[in-house]
Amino acid sequence: MKNKKNICIIYTGGTIGMIKSEKGYIPSSVEFKELINSISDLKREEMPNLEIIQFNPLLDSSNMSIHEWNKIGQTISDNYDLYDGFVILHGTDTMSYSASALSFMLENLNKPVIFTGSQIPMCELRSDGYGNLVTAVLMAQSDYIKEVCIYFDGKLLRGCRSTKMSSSHFAAFASPNFEILASAGIEIEYNKNLLKRDVKGEFKFTPFKDVPVGIIKMFPGIQFKLFEKVMTEQLKGVVLETFGAGNIPSNSSGHLIPMIKRAYENGTVIVVCSQCVQGSVTLGAYETSQALNQIGAINGGDMTTEAAMTKLLYLFSKDMDIDEIRRMMNIDLRGELSA
């Protein structure tokens, strides 16, 4: 009989293990262990050996920060040789940010790291947590997966291509600019042509430094002068969420363009992404994006905002110079960017 694989479940908190309280749903440790032990499917012969590492404190994902991303990454790094794969139980609100961050942090990854969670706590009727957890564990023992992913509602998504789409449906996540990596119907079907291959080089964990980066979202009538105090030399990177293919209000250029130009000259890395869920930025395609192109803003292509922001943090954490960071933002590192 084939030897069982060893899978580590890292429980960070989130809806999947929450219980009701007077203050609403809160993460729970004792009740979560009881729920896990009650899932008979996890004890079936075809399932891997499981061990659980539980964070303290457990967090609602709204409270995730660079510190918690580093903690997850360090936990995987410390246990990398002990397990064949990892399942990270995490709240849905910031799961795409965390999955993107871990995609960059974990260099030369050759094992599955799969985020999952639920929309309904496992303590409640009709919870989607059971199915998500069981299938994520099954996928974590797959020889096909060698990257950071999100599994949710029958779909396996590349972590740095994912974004949360719904707070009220089981299909909470989508990968608008990239195909799904696997689908779990009657059978689990892997899209082997899209999944990462074996990588050369030794596994390495690069923790993020607490680098000042920001996100500014365009909206009609936005008063850019309000952001001038933020766009200083202390701001190392900023993601501009623009309209369409990279467009900005042309009637605001009296404030925006000088502000962006000063930021660029001060060494701020400016990345332009689109507010559109699907599609790509093409700076210069319209007159209203030409100015950003001329002052040195980086075309974010079809990267998600989550991927662009965490990629900035990753590159700054590697102590690259500004020109190298700007160059690397245009290079696909983990499948986050189409050629």
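Residues that are among the β-branched types (Val, Ile, Thr), within 26 Å of residue 97 (Cβ to Cβ) and in contact with a Gly (Cβ under 8 Å, 6 or more places away or on another chain) do occur in the range 233-246. In the range 260-274, which residues are of a type outside the set (S, T, N, Q) and either more than 29 Å from the chain's Cα centre (by Cα) or outside any helix (DSSP H, G or I) (or both)? Matches in the range 260-274: 261, 262, 265, 267, 269, 270, 271, 272, 273.
Considering only residues in the range 278-307 that are assigned to a loop (DSSP other than H, G, I, E, B) and over 25 Å from the mean Cα position of the chain (by Cα), the one that is farthest from residue 324 (Cα to Cα) turns out to be 286. Residues being small (Gly, Ala, Ser) and surrounded by fewer than 24 Cβ atoms within 10 Å (Cβ to Cβ): count how many of those fall in the range 140-171. Matching residues across the range 140-171 total 6. Taking each residue of the range 307-333 that is under 21 Å from residue 159 (Cβ atoms) and free of Cβ contacts under 8 Å to residues at least 40 places away in the same chain and looking for partners that are open to solvent by 30 Å² or more (accessible area, probe 1.4 Å) and in a loop (DSSP other than H, G, I, E, B) with beta-carbon atoms closer than 8 Å, six or more apart or interchain, yields 328/320; 332/338; 332/339. Selection within the range 208-240: residues that are in contact (Cβ under 8 Å) with a residue 60 or more places away in the chain, open to solvent by less than 30 Å² (accessible area, probe 1.4 Å) and part of a strand (DSSP E or B). The member of this set that is farthest from residue 267 (Cα to Cα) is 239.
Residues checked against (1) among the hydroxyl-bearing types (Ser, Thr, Tyr); (2) out of contact with any helix residue (DSSP H, G or I) (no Cβ under 9 Å at 6 or more places or on another chain); (3) at pLDDT 95 or above; (4) within 24 Å of residue 200 (Cα to Cα):
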site	(1), (2), (3), (4)
253	yes, no, no, no
271	no, no, yes, no
280	yes, yes, no, no
292	no, no, no, no
335	no, no, yes, yes
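In this structure, is residue 12 farther than 24 Å from residue 165 by Cα, surrounded by 14 or more Cβ atoms within 10 Å (Cβ to Cβ), of a type outside the set (Gly, Ala, Ser) and in contact with a strand residue (DSSP E or B) (Cβ under 7 Å, 6 or more places away or on another chain)? The answer is no for residue 12. Selection of the range 11-35 for residues being assigned to a strand (DSSP E or B), within 14 Å of residue 57 (Cβ to Cβ) and modelled with pLDDT of 80 or more yields 11, 12, 13, 18, 26.
From 114, 53, 72, 39, which residue is β-branched (Val, Ile, Thr), touching a residue at least 24 places away in the same chain (Cβ under 8 Å) and open to solvent by 20 Å² or more (accessible area, probe 1.4 Å)?
Answer to the check: 53.
Residues are listed down the side, and each one gets a yes or a no for (1) out of contact with any Asp or Glu (no Cβ under 8 Å at 6 or more places or on another chain); (2) under 30 Å from residue 214 (Cβ atoms):
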site: 16; (1), (2): yes, no
site: 35; (1), (2): yes, no
site: 60; (1), (2): no, yes
site: 65; (1), (2): yes, yes
site: 75; (1), (2): yes, yes
site: 82; (1), (2): yes, no
site: 101; (1), (2): yes, yes
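Specify the residue that is most open to solvent (accessible area, probe 1.4 Å); the eligible residues are those in the range 303-319 that are over 15 Å from residue 96 (Cβ atoms) and modelled with pLDDT of 95 or more. Looking at the filtered set, the residue picked out is 318.
The values are calculated or read from the model by the stated rules, or taken from the named source; none is laboratory data. Note that this is a predicted model, so its numbers are computed, not measured. No Cβ is skipped: glycine too gets one built from the backbone with ideal geometry, and neighbour counts run over all protein chains shown. The protein model used for the area step is the full one, side chains on, heavy atoms only, and it has no ligands, DNA or RNA in it. Shrake-Rupley method; radii C 1.70, N 1.55, O 1.52, S 1.80 Å.
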